[in-house]
1. Scanning for something more than 18 Å from the chain's Cα centre (by Cα), open to solvent by less than 10 Å² (accessible area, probe 1.4 Å) and at pLDDT 95 or above, does the stretch 106-124 turn up at least one residue?
2. Say whether the condition of being under 18 Å from the mean Cα position of the chain (by Cα) and either among the aromatic types (Phe, Trp, Tyr) or modelled with pLDDT of 95 or more (or both) is met by at least one residue in the stretch 35-43.
3. I need the full set of residues from the stretch 179-220 which are touching a Leu at 6+ places or on another chain (Cβ under 8 Å) and closer than 20 Å to Ala12 by Cβ, in order please.
4. So, in the stretch 4-21, how many residues would count as being open to solvent by 30 Å² or more (accessible area, probe 1.4 Å) and either outside any loop (DSSP other than H, G, I, E, B) or within 20 Å of Val120 (Cα to Cα) (or both)?
5. If Leu90 passes every condition in (1) within 19 Å of the chain's Cα centre (by Cα); (2) open to solvent by 20 Å² or more (accessible area, probe 1.4 Å); (3) hydrophobic (A, V, I, L, M, F, W, C); (4) modelled with pLDDT of 95 or more but one, which one does it miss?
6. Could you tell me whether any residue of the stretch 120-140 is part of a strand (DSSP E or B) and hydroxyl-bearing (Ser, Thr, Tyr)?
7. For Thr197, state whether it is crowded, with 21+ Cβ neighbours inside 10 Å and touching a residue at least 40 places away in the same chain (Cβ under 8 Å).
8. Inspect all residues belonging to the stretch 128-141 and state whether any of them is in contact with a Cys (Cβ under 7 Å, 6 or more places away or on another chain) and not acidic (Asp, Glu).
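The values are calculated or read from the model by the stated rules, or taken from the named source; none is laboratory data. None of these values were measured; they are calculated from a predicted model. Methodologically, a virtual Cβ is constructed for each residue, glycine included, from the backbone with ideal geometry; neighbour enumeration extends over all protein chains shown. Areas reflect the complete protein model, heavy atoms only, side chains present, ligands, DNA and RNA absent. Shrake-Rupley method; radii C 1.70, N 1.55, O 1.52, S 1.80 Å.
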Amino acid sequence: MASSKFAIVTGASTGIGFELAHLAARDGYDLLVVADEPLIDASASDFRRHGVVVESVEADLATLEGVDALLAAAGGRQIDLLCANAGRGLGHGFLDQEVADWRRVIDTNITGTLYLLQKVLRPMVARNEGKVLVTGSIAGFIPGSFQAVYNGTKAFIDSFADAIRNEIKEADGVSVTTLMPGPTETEFFDRADMLDTKVGTQKKDDPAKVAKDGWDALMAGHPHIVSGWKNKLQATAAHVTPAAVMAEQHRGLAEPGSGSPEE
């Protein structure tokens, strides 16, 4: 039986998105979950154990066509909650990266995310009701040596969410919350080809804890949340530390060969 509440969670096959989808289902939301890999269908089966209706779609949210396919799968149903979590990373030096690779990061993290947000927020604002969680990152505060495009996209998303929140402030029944995690134990570093870096090999945050922090902030209508006390300290320090110093510190974490399996 369909619930009265309906949520979309992107990037839901693994990691933070997977945990957010579980939290939404546990809270009684019917789900439409999406990822750009077939694993999303198996993940959807796991979410159904909470007794809600779950639909899954495999789509490439780096493209407008992929976002349109996701929205078409909603079948015109009112979207009460959106977790815009899909994202893509890319390690190594910018000059060594293929154009197609860094464009895919930008198109996933920025273009597809903005297109989805615009499509979902318009009806939310019109009826003055709805909740949106956008997964940004503390990486947006830090010049990302050897991860420059990714950190740049997250700086954009962190800033964009703050601006949109102000633009729609008259629609006080709509909330936009930015979740800003630090390094988290997900498939991110493998997919970004960063397993030989210090940040790729070090102990990282639990995605379930990160998702719970984001969910609690979303339900409370908070504007943003930095997950984890160490990340809160780093985010605070980033506002007062010279960019050149931050870039050099990031280099030590993300430069290829900076880590080892023993770390």
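1. The initial filter retains those residues of the stretch 106-124 that are more than 18 Å from the chain's Cα centre (by Cα), namely 122-124.
Then drop every residue that is not open to solvent by less than 10 Å² (accessible area, probe 1.4 Å), which leaves 124.
Retained after the next criterion (residues that are at pLDDT 95 or above): 124.
Yes, some residue in the stretch 106-124 is more than 18 Å from the chain's Cα centre (by Cα), open to solvent by less than 10 Å² (accessible area, probe 1.4 Å) and at pLDDT 95 or above.
2. There is no residue in the stretch 35-43 that is under 18 Å from the mean Cα position of the chain (by Cα) and either among the aromatic types (Phe, Trp, Tyr) or modelled with pLDDT of 95 or more (or both).
3. Those that are touching a Leu at 6+ places or on another chain (Cβ under 8 Å) and closer than 20 Å to Ala12 by Cβ: Leu179, Phe189, Ala192, Val210, Ala211, Lys212, Asp213, Gly214, Trp215, Ala217, Leu218.
4. Residues that pass the stated criteria total 4.
5. Result: Leu90 passes all but (4).
6. Applying the first criterion (part of a strand (DSSP E or B)) to the stretch 120-140 yields 130-135.
Going one step further and asking which of them are hydroxyl-bearing (Ser, Thr, Tyr), we end up with 135.
Within the stretch 120-140, one or more residues are part of a strand (DSSP E or B) and hydroxyl-bearing (Ser, Thr, Tyr).
7. So Thr197 fits the description; yes.
8. yes
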